[in-house]
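What follows is a single structure, written as C-alpha cells, with notes after it.
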Amino acid sequence: MTRCNHENTSPATGIGWTPPEKLTCHLETPRLIVRAYTIDDAQSVFEAVNDSRDEHLLPWMSHWAETGHRTIEFSTKYVCDQALALQNPASFNNVGTGIFEKSTGRFVGGSGVHDIRRDTASCETGYWIRRDAIGHGYALEACAHTITWALQTQDRGGLGLNRVRIYCAGDNIHSANLIAKLGITPEVMQRADYFIPTIGLTDRLGWGVLASEWDCDHHRPFIPAAQSR
Ligand SMILES: CC(C)(COP(=O)(O)OP(=O)(O)OC[C@H]1O[C@@H](n2cnc3c(N)ncnc32)[C@H](O)[C@@H]1OP(=O)(O)O)[C@@H](O)C(=O)NCCC(=O)NCCS
C-alpha cells in the first residue's frame, strides 16, 4: 500500500535492516516447495496464468493479470527478473517466488515478498494459486512458510525482517478466509478503497504480524489474533 504523500519514503536508515549477504529462497512445506524461479519455469508460469486469468485471477490481481504473461517472452523475462532480484542484495526490495507441488513438481502458483521497506524492516506478501489447484490449502501453507522466511533470523536462513503485512479486497472471501486462518492481526479496514471492474468499489482489508509474534518453528503465531471481521 502506498504511503501518504507527506510521509518520508526514504529515511536514512530507519532501524537499520540490511538483507542477508547471500539471498536464496527454497522453502519446504509438508506438501510444497516454495522457491526462487529459474528460467526453466517460464513455460509453466505462462501456462498457469493463461489457464487461470479470466474470472479467477482478473478480479483480484487486475493489473498484473490483465497485462502480465500474455506472451512467453513476458513470462521468461518475469522469471529472470525474479532470479536476478536475489542476486543483488544492495537493491533487493521485491521478489516473486514459485509454489510447486512436492509430489509432482508441478507449478501451482506464486508467492513472494514485496515492497520491502528497510527503515521499518517490513514487507508485504501475497499469493495466487492456479485455478485447478485451489481448495487444497496450498495458499495457506505457502503463505505461512513465506512469513517464516521473512521473519526468521538471518543466521537461520531468513530475511530477518520485523513485520509482514497482507492486504486483500473485502470481496475476496477466499483470500480473507485464508488470512483469518493464519491468525495474524487485523489492522486495516479502508472503506471503498479498491475498484474492481467486475464488482465496483470494495473495502481494502489489511493484516500484519511482527517477528515477536510469529513462531518460525511452527509457521504460526504464538497466540492467534482474535479475528473481528
Ligand atoms: C485466494 C486463493 C489464493 C486461495 O487459494 P487456496 O489454495 O484454495 O486457499 P487455501 O489455502 O485457503 O485453501 C482453501 C481451501 O482448501 C481447503 N483444504 C483442503 N485441503 C486442505 C489441507 N490439507 N490443508 C488446509 N486446507 C485444505 C481448506 O479447507 C480451504 O477451504 P475453506 O476456505 O472453505 O476453509 C486462490 O483462490 C486464488 O489464487 N485466487 C485468485 C488470486 C487471489 O485472490 N490472490 C490473493 C489476492 S489478495
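Some points to look at:
- In nm, spacing of pseudo-spin labels at Leu210 and Thr38 (7 Å Cα→C-beta vector): 4.0 nm
- For the chain, modelled as a GNM whose springs connect Cα atoms under 10 angstrom apart, the maximal fluctuation among Val188, Val209, Val45 occurs at Val188.
- Candidate lysines - alpha carbon under 24 Å from Lys22, same-chain residues fewer than 8 apart omitted: Lys77
- Partners of Lys181 within straight-line reach, counting lysines whose Cα lies under 29 Å from its Cα and excluding those fewer than 8 residues away in the same chain: Lys102.
- Just checking the listed ones, Arg106, Arg165, Arg130: in the Gaussian network model of the chain with Cα springs under 10 Å, the one fluctuating most is Arg106.
- Residues Ile134 and Val188, FRET efficiency given R0 of 22 Å [Cβ-Cβ distance, rounded to 0.05]: 0.30
- Here the simple spin-label model places points 7 Å from the Cα toward Cβ, and for Phe74 and His114 these points are separated by 1.5 nm.
- Percentage relative contact order, the chain, counting C-alpha pairs under 8 Å, at least six apart: 17 percent
- Take the Cα of Asn177, step 7 Å toward its Cβ, do the same at Glu55, and the gap between the two points is 1.7 nm.
- Contact order relative to length of the stretch 73-207, as percent, for alpha carbon pairs under 8 angstrom and 6 or more apart: 15 percent
- Rounded FRET efficiency, nearest 0.05, which uses the C-beta distance separating Ser103 from Thr67 and R0 of 25 Å: 0.15
- C-alpha center-to-center spacing [the stretch 124-180, the stretch 29-54] in angstrom: 16 Å
- Cα gyration tensor shape of the stretch 27-143, rounded if a/c is under 1.5, else prolate or oblate by comparing a/b with b/c: rounded
- Dividing the mean sequence gap of close Cα pairs (under 8 Å, 6+ apart) by how many residues the stretch 1-127 holds gives a relative contact order of 30 percent.
- Kirkwood Rh and Cα Rg combined as Rg/Rh, the stretch 26-221: 0.94
The numbers here are math on the coordinates, done by the rules we state, and not lab data. Quick caveat, the model's predicted, so the values are computed rather than measured. For neighbour counting, all protein chains shown are included, and Cβ atoms are generated from backbone atoms with ideal geometry for every residue, glycine included.
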